[in-house]
Amino acid sequence: MKHKAKKKTSPPSTIGNNDSHSITFWIITGITVLFLFWAPFQRGLFNGYNVDFDRAIYSSFVWAAILLVIISIYLFFNYKYRNLQDFFVISIWLVPLSFLISLVGAASHYFAVNMLYLHIMYAVFFILGIYLSNNRLGNLIMQYTLLISGYLIVLFGMLNWLGNLKFANGIAGLFTNLNGLPAYKHAVMSDSNGLRLTSVFQYANTYSAYLIAILFGCVFFIFKSRKWYSAFLHALMLVPILVSFMLTLSRGGLVILPIVLLVLLLFFSVQRQIMMLIYMGLSSVAALLILEKITEIGSALQKQPDLSSSLQAWGIMVAASVIVSGLVSVLHCRLGPVLENKLLGRIKFRYASIVLPIGAVVLGTLAIVILFTDTGATKLLPENIRVRIENINFQQHSVLERATFYTDSLKLVKDYPVFGAGGGGWAALYEKYQNNPYTSRQAHNFFLQYLVEVGIVGFLIFILLVGWILYKYSRNYFKSDQQDKDSKVFFLILLLSLLIHSIIDFNLSYAFLAIVIFICLGVLVSNFDKIKAPFIDRLNKMDRLVPRVVSGGTFVLGLTFFILAVKLLSGNSYYHQAIAQAQEGKPYTEVIATVDKALSMQPNHPDYVDLKQDILMQVYQQLNDPSLEEQAVDLIKEFRKSEPYHRLGLQFQLNYFVKQRNFSDAHSVNIEGLEIFPWDIDLYQSQIHILYELGNQAREAKNKAATDQYWNEAIEWYNIVLARTKQLESLPEEQLQGREFNVTPTIALYIGQIYYMKGDYSNAASALKYGVTDKLDDPLVQTIARWYLAALNKEGANDADLRERLLNMNPQEAQKVEELLKMNFD
């Protein structure tokens, strides 16, 4: 008798199945929902590498640690290593592990530890994405949380733009403390381009990236709406989102939006592709029609609040939104079924879904031609937006500067190829590798910045992880029916929108957006419940051990992370308490004791160290107690061991040695500083000053060889300044130089004096001329002019006009010039 072969079944999912009735599910869901509404209003949890941004980030660590402990309890009862989901619950920890490894040789311990903790938090939310989205109810809650949170951020931004600060502050006050400020800081900010809408992020380009994600998420929810009123409600947000997008004045956003659209079209049927283009077209036309008026009223309201103007703007916005929403809901209910049943039923060939994207590329190219040639189309836009669009080209300063950042980041990678420079490596080291003296603690490219931080090994771990997830998800997606596709594709929309824009900006330096990315990745992994886990045959022999190791390890990590997070938060509290005590005039011993508590929680935190040394040195100057100065010196010496590239420690030691007239040690410290900050003109100035003093000491000691050695080195540094100044002249005209870098009056004086005392009067006059200005009331300029006139006299030349103006300002200079001419410097 033949027996039928048993049909192979897929390994069962072990995470999140049918858990909507469990207490664990609702605790985790509740905390996650609250967090995702709270986090954006903490300036998006921006990692700004200083104490101003620390508190919100440390608070988020506490949230994440609590979630991780709860997850570990769930895993103890439910985790089994069966499918690909279970594999990713373990493998995601390779990401924070790569930051732990890079911590060993990190350029900044403070930056690197923060980045390690951030990636532990991201791993927690990745696992949450798997856990919650495996459950149908959890999946819906996550989708609506992210979408409604986005709608709230859009509403908050528009309330700020249209002067409704009372309502905007009411929303912000639910999630954050405004600390007595009249409004959320920089929700609308002003720069050289004019007013720019930033909402909660305080950075317009990142807000534009977020709006792209929410825009396409909104369109998707219209697609999946089964009732007309559901489509109507979501469609109401299309116009405000697009108007907000234009008000960011983000040229990068304008470039990236059509790219994201093109990529996302590939994931939709031809019917939805057509509908998406129609919805986008209708809402874009409406947004452009009202944009000039909204821009004009909003700009005026930033200067002077006016209720009637605000109501007028809201009336225009609401009217446009309702009209577009009405049209979209009608099309959704009427045109959608027609396209599905009649037209598209005849389109059977395999690659039908890529025809429309190709057509979109053609239309997009045509739109670019219209916008960027002399057709006059951009004249229909508000002035500030028109200028931004017309200036989009590969020679604009932002493009050239980003190209420089990218080139410089590769120089950095070359020196830290394997495990990277540690978390925050770019922020700690970019000035050492920069091509010109720009200021940017962000590389404006997430992927390159990540490569700098964790090297090729860590970068490959991340890229392979993300690439594998996207590949597996996409492969399953195109084989699934429409219902399965719709269950998770919203998260793919958010993921791709943010990742694509992150190629040109630092969106993922906002921990909130990075969390969204990792949640989305986790949700996509939850689709892998029917795929067998790697190494399952070997690990089946340890079926009881693996779950215990995973849950136990997760529990220990969660508990440790919680303790560390609380310590960080406590340290931050002590720091702010110390500042308050200092402002209240408390005894310095009491203030120092509080700062020491902060440092005990987080040793060598740059801002805590800076506060303590500042207080010690101020009190030392008042009491002249050498022990206080010694404490500050020892503090900085210890600080430099963990933060060798931080300017604080280097500058303190340099100032200390110069003050002690210990020019030999000052010279060594300054050399180190110039290696780290080769575009800091102040360090060149101090180096030349130090060498001038060393040469003078040698001259007075009749040591001609040493005098020549020090002064010739000073001239070499001066020539480097001239060469670097010349290098800056070769930058493209459109590219901004960055910080000022040229021969300062002080450099001109020291080098002119060195040349003069060496008897090289021609070079002395050339150097001194850099410092001669019309500000002859300045004693420094008077001194430079005196030496300059003497050098000219030695050369048989004169500057009668300068001499006359100098003597008019200070008649005693005539005698001083004569005395200088008679001096013998042999």
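The values are calculated or read from the model by the stated rules, or taken from the named source; none is laboratory data. This one's a predicted model, so the numbers in the text were calculated from it and none came from an experiment. Counting neighbours? That spans all protein chains shown, and the Cβs are built from the backbone with ideal geometry, glycine included. In case anyone asks, the SASA skips ligands and DNA or RNA and just uses the protein heavy atoms, side chains included. Shrake-Rupley method; radii C 1.70, N 1.55, O 1.52, S 1.80 Å.
Side notes on the structure shown:
- Qualifying helices (runs of 4 or more DSSP H) (wholly inside segment 679-762; at least 2 residues being open to solvent by 60 Å² or more (accessible area, probe 1.4 Å) and under 23 Å from residue 401 (Cβ atoms)): 704-729
- For segment 174-198, a residue qualifies if it is crowded, with 17+ Cβ neighbours inside 10 Å, in a loop (DSSP other than H, G, I, E, B) and of a type in the set (A, V, I, L, M), and exactly one does: 187.
- Among the residues of segment 83-104, the ones that are over 15 Å from residue 464 (Cα atoms), outside any helix (DSSP H, G or I) and among the aliphatic types (A, V, I, L, M) come to 1 in all.
- Residue among 112, 107 that is open to solvent by less than 10 Å² (accessible area, probe 1.4 Å), touching a residue at least 24 places away in the same chain (Cβ under 8 Å) and not in a helix (DSSP H, G or I): 107
- Scanning segment 419-435 for any residue that is farther than 29 Å from residue 726 by Cβ and either open to solvent by 30 Å² or more (accessible area, probe 1.4 Å) or among the charged types (D, E, K, R) (or both) turns up at least one such residue.
- Lone unmet requirement of (1) open to solvent by 10 Å² or more (accessible area, probe 1.4 Å); (2) assigned to a loop (DSSP other than H, G, I, E, B) for residue 152: (2)
- Taken over segment 572-589, the residue count meeting the criterion of being in a loop (DSSP other than H, G, I, E, B) and open to solvent by less than 80 Å² (accessible area, probe 1.4 Å) is 2.
Conditions (1) farther than 30 Å from residue 689 by Cβ; (2) in a helix (DSSP H, G or I); (3) β-branched (Val, Ile, Thr); (4) out of contact with any Leu (no Cβ under 9 Å at 6 or more places or on another chain), marked per residue:
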site: 591; (1), (2), (3), (4): yes, yes, yes, no
site: 603; (1), (2), (3), (4): yes, no, no, yes
site: 649; (1), (2), (3), (4): no, yes, no, yes
site: 655; (1), (2), (3), (4): no, yes, no, yes
site: 674; (1), (2), (3), (4): no, yes, no, no
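- Tally, over segment 810-825, of residues that are assigned to a helix (DSSP H, G or I), among the hydrophobic types (A, V, I, L, M, F, W, C) and either without any contact (Cβ under 8 Å) to a residue 12 or more places away in the chain or open to solvent by 100 Å² or more (accessible area, probe 1.4 Å) (or both): 1
- Count of residues meeting criterion [open to solvent by 70 Å² or more (accessible area, probe 1.4 Å) and not charged (D, E, K, R)] in segment 303-315: 6
- Pick from segment 199-252, criterion more than 23 Å from residue 399 (Cα to Cα) and of a type in the set (D, E, K, R), ranking: surrounded by the fewest Cβ atoms within 10 Å (Cβ to Cβ): 226
- On the stretch given as segment 460-508, residues that are within 15 Å of residue 208 (Cα to Cα), among the aliphatic types (A, V, I, L, M) and open to solvent by 10 Å² or more (accessible area, probe 1.4 Å) total 6.
Every residue, every condition in (1) under 30 Å from residue 604 (Cα atoms); (2) more than 19 Å from the chain's Cα centre (by Cα), yes or no:
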{"site": "78", "(1), (2)": "no, yes"}
{"site": "81", "(1), (2)": "no, yes"}
{"site": "85", "(1), (2)": "no, yes"}
{"site": "93", "(1), (2)": "yes, yes"}
{"site": "100", "(1), (2)": "yes, yes"}
{"site": "108", "(1), (2)": "yes, no"}
{"site": "113", "(1), (2)": "yes, no"}
{"site": "117", "(1), (2)": "yes, no"}
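- A search for C-beta distances below 6 Å between a residue of segment 705-733 that is closer than 16 Å to residue 760 by Cα and any residue that is β-branched (Val, Ile, Thr) and outside any loop (DSSP other than H, G, I, E, B), counting only pairs 6+ apart in sequence or on different chains, returns 711/754; 714/688; 714/754; 718/751.
- Residue 612 among the basic types (Lys, Arg), open to solvent by 40 Å² or more (accessible area, probe 1.4 Å) and modelled with pLDDT of 95 or more: no
- All positions within segment 765-780 that are part of a helix (DSSP H, G or I) and in contact with a Leu (Cβ under 9 Å, 6 or more places away or on another chain): 765, 767, 768, 780
- Close pairs from segment 637-649: first under 13 Å from residue 107 (Cβ atoms), partner open to solvent by 80 Å² or more (accessible area, probe 1.4 Å), Cβ under 8 Å, at least 6 apart: 642/109; 642/603; 643/109
Residue-by-condition table, conditions (1) of a type outside the set (S, T, N, Q); (2) farther than 23 Å from residue 676 by Cα:
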site: 616; (1), (2): yes, yes
site: 635; (1), (2): yes, no
site: 639; (1), (2): yes, no
site: 660; (1), (2): no, yes
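- Selection of segment 78-103 for residues being hydrophobic (A, V, I, L, M, F, W, C) and either free of Cβ contacts under 8 Å to residues at least 60 places away in the same chain or within 17 Å of residue 459 (Cβ to Cβ) (or both) yields 92, 93, 94, 95, 97, 99, 100, 101, 103.
- Among the residues of segment 646-673, the ones that are more than 30 Å from the chain's Cα centre (by Cα) and among the basic types (Lys, Arg) come to 2 in all.
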